[in-house]
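Visitor: Let me give you the structure first, and then I'll get to my questions.
Please treat every number below as a calculation from the coordinates, not as lab data. All values reported here derive from a predicted model rather than from experimental measurement. Note: ideal-geometry Cβ built from the backbone for every residue, glycine included; neighbour counts use all protein chains shown.
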């Protein structure tokens, strides 16, 4: 979707501001929002692409007015509501009002280390050979899906070179909608700075994205 | 949406009442999810403890120090970083597929996630606020030298700069150049030179005189 989350190359005022000796969390509520989000993926049975879409799919003024963990909180609220694990009147009341929906799994303290160590690898067996090879010239398609995508706006329509073939990976555009993993070949595609930003770009700059095959056409 | 021209007041300007409302919302949600039996409060504590005190850039520093000290390890890391990093026990969530990027005198690598906040958790921990911020996510792919200036250093003119936008589930770890004057140092001493920012590409390792 075209959202405020897609920030690459957007003109922005002000510098990057690193914080010396930054703590991992800046408030207790950030700790809780972070941990709740990780823990709820198991009973919620949603995937990371659904969670990313739940965070980014909001009006720009909403996305930009929230801090990072406020966006996580809003995404989690949306997912528990859409999953019918929680009802709007419960959110309003701040306490349970209805019986819990049965869930298949719940994260226990004993399972945390194993769950984190396993992670969620996305590489899958390929059903067909890769269409592109290292060195091929490709154009990022000019697509504007209303749903989740991982092709940033700043590369769309531009020509780059296949730098690496990364294997066949879960396709987020499909996985985010619940339509299944639909694994697709994934490539590192590298663009010259002036291809993306025109004359006046840093002559020594190259930028890459990792792009699934459906995002690309031969150039 | 195609227009980003409006003012961006954001992220750091929330007044107290807004924060309090956020605190209340989190507390309410935690109460509901716990009392309905979806969440084990002890699991939340273990998750927080893990990322607050066990996983962090010290892990990545050990990887870099080993690569500096052991040419065979360095070769394995460059060839296929995921198993090489797993040799040191670091693996899993948000680091399922890792690629190491070697800095050289001619090439400087920098990592960003313009779409959200993708970051190699097993080796660097959770990302700092600046990494997730609009200024970094917008500027890194267009004016990386300007970003480096924000961090207080100037990349020599003529050095190639390569920005990696983490748009898939591949995570990137920069292997910075080993500082001069560290010949014969142990891995442990070398790890003290490796900063978090040097492994993102927004900083350099410390120099020998900066550590005791």
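Visitor: For n ≥ 4 DSSP H runs only, could you compute -39500 (n - 2.57) per run for the protein assembly as shown, divide by its residues and tell me the 222 nm figure to the nearest 500?
Guide: Numbers: 19 runs with 157 residues, N = 431.
Value at 222 nm, helices only, nearest 500: -10000 deg cm²/dmol.
Visitor: Which shape class, rounded, prolate or oblate, goes with chain B when its Cα gyration tensor gives a ≥ b ≥ c as root eigenvalues, a/c under 1.5 marks rounded, and past that a/b bigger than b/c marks prolate?
Guide: On the way: a/c = 2.06, a/b = 1.36, b/c = 1.51.
Judged from the Cα gyration tensor, chain B comes out oblate (a/c at least 1.5, b/c at or above a/b).
Visitor: How high is the relative contact order of segment A:20-85, in percent, counting Cα pairs under 8 Å that sit 6 or more residues apart? Write down the numbers at each step before the final one.
Guide: Numbers: 30 pairs, mean separation 26.7, N = 66.
Relative contact order of segment A:20-85: 40 percent.
Visitor: In a Debye calculation with equal point scatterers on the alpha-carbon sites of segment A:28-118 and no solvent, what is log10 I(q)/I(0) at q = 0.14, 0.18 Å⁻¹?
Guide: The calculated log intensity ratios at q = 0.14, 0.18 Å⁻¹ are -0.55, -0.91.
Visitor: Using the per-residue mean of other Cβ atoms lying within 10 Å as a proxy for protection, in what order, highest first, do the peptides B:176-183, A:49-56, B:50-57 fall? The partial results should precede the final answer.
Guide: Numbers: B:176-183: 14.8, A:49-56: 22.1, B:50-57: 16.9.
Sorting B:176-183, A:49-56, B:50-57 by mean packing, highest first, produces A:49-56, B:50-57, B:176-183.
Visitor: Taking a virtual spin label 7 Å from the Cα of residue B:35 along the C-beta vector, which residues in segment A:78-106 bring their backbone nitrogen under 14 Å of it?
Guide: What the label zone holds, given the 14 Å backbone N cut-off, is A:86-87, A:89-100.
Visitor: Still on this structure, I have one more. To the nearest 10 degrees, how steeply does helix A:68-82 sit against the main Cα axis of chain A, on a 0 to 90 scale?
Guide: 70
Visitor: Fewest first, what order do A:34, A:171 take by the number of other Cβ atoms within 10 Å? Don't skip to the answer; put the middle values down first.
Guide: Working: A:34 23, A:171 26.
Fewest-to-most ranking of A:34, A:171: A:34, A:171.
Visitor: Find how many whole Å separate the alpha carbon centroid of segment B:142-178 from the alpha carbon centroid of segment A:193-218.
Guide: 15
Visitor: Something else: Mind checking A:145-155 for the average number of partner chain beta-carbons within 10 Å of each residue's beta-carbon? List each step's numbers first, then the result.
Guide: Details: counts 0, 0, 0, 1, 2, 8, 2, 7, 4, 5, 4.
Neighbouring Cβ atoms belonging to other protein chains average 3 per residue here.
Visitor: Something else: What's the average, rounded to a whole number, of partner chain beta-carbon atoms within 10 Å of each residue's beta-carbon in B:142-152?
Guide: Details: counts 13, 6, 5, 3, 3, 2, 1, 2, 5, 4, 1.
Partner-chain Cβ atoms within 10 Å, mean over residues of B:142-152: 4.
Visitor: May I ask what percent, to the nearest 5, of DSSP beta bridges between residues of the protein assembly as shown are antiparallel? Please list the in-between numbers first.
Guide: Values: 23 of 40 bridges.
Looking only at bridges with both residues in the protein assembly as shown, the antiparallel portion is about 60 percent.
Visitor: Which whole-percent values make up P(r) of the protein assembly as shown when all C-alpha to C-alpha distances are grouped in 20 Å steps starting at zero?
Guide: Whole-percent P(r) values from 0 Å outward: 25, 59, 16, 0.
Visitor: What is the gain in length, in nm to one decimal, between residue A:128 and residue A:97 on full extension, counting 0.36 nm per residue of separation less the C-alpha to C-alpha distance? Intermediate values should be presented prior to the final figure.
Guide: Numbers: separation 31, 0.36 × 31 = 11.16 nm, distance 5.05 nm.
The residue A:128-residue A:97 span can extend by a further 6.1 nm.
Visitor: Now for a separate question. Over all residues in A:93-101, what is the mean tally of Cβ atoms on other chains that come within 10 Å of each residue's Cβ? Walk me through the numbers before you get to the answer.
Guide: Numbers: counts 3, 7, 5, 7, 2, 1, 2, 6, 3.
Per residue, the average neighbour count from other chains is 4.
Visitor: What whole-number volume per residue, in cubic angstrom, does the convex hull of the C-alpha atoms of segment B:93-212 give? Please list the in-between numbers first.
Guide: Values: hull volume 13.9 nm³, N = 120.
Per-residue hull volume (Cα only) is 115 Å³.
Visitor: Report the rotationally averaged projected area of segment A:123-218 based on its alpha-carbon convex hull, in square nanometres. Numbers along the way, then the final one.
Guide: Working: hull surface 25.0 nm².
Convex hull of Cα atoms, orientation-averaged projection: 6.2 nm².
Visitor: Share of antiparallel DSSP beta bridges in segment B:55-210, in percent to the nearest 5?
Guide: Working: 1 of 13 bridges.
Roughly 10 percent of the DSSP beta bridges within segment B:55-210 come out antiparallel.
Visitor: If you don't mind, there's one more thing I want to ask. Ranked by Cβ crowding within 10 angstrom, fewest neighbours first, how are B:80, A:111, B:165 ordered?
Guide: B:80, A:111, B:165
Visitor: Given an 8 Å cut-off on Cα distances and at least 6 residues of separation, report the relative contact order of segment B:55-210 as a percent.
Guide: Numbers: 280 pairs, mean separation 48.7, N = 156.
Computed value for segment B:55-210: 31 percent relative contact order.
Visitor: Still on this model: Could you please tell me the mean projected area of the C-alpha convex hull for chain A, averaged over all directions and given in square nanometres to one decimal? Write down the numbers at each step before the final one.
Guide: Numbers: hull surface 63.2 nm².
That works out to 15.8 nm², a quarter of the Cα hull's surface.
Visitor: Just rank A:40, A:24, fewest to most, by other beta-carbon atoms within 10 angstrom.
Guide: On the way: A:40 24, A:24 17.
Sorted ascending by nearby Cβ count, the order is A:24, A:40.
Visitor: Sort B:120-132, B:146-158 by packing, meaning the average of other beta carbons within 10 Å per residue, with the highest value first.
Guide: Working: B:120-132: 23.0, B:146-158: 13.8.
The peptides rank, most packed first, as B:120-132, B:146-158.
Visitor: At a 10 angstrom cut-off on C-beta neighbours, averaged per residue, how do the peptides B:194-203, A:199-208 rank from highest to lowest?
Guide: On the way: B:194-203: 23.5, A:199-208: 17.6.
The most tightly packed comes first, giving B:194-203, A:199-208.
Visitor: Give the separation of the Cα centroids, segment A:57-119 to segment B:61-131, in Å.
Guide: If we compute the Cα centre of each part, the gap is 30 Å.
Visitor: Between residue A:21 and residue B:183, what is the label-point separation in nm under the 7 Å Cα-to-beta-carbon projection?
Guide: About 3.7 nm separates the two model spin labels.
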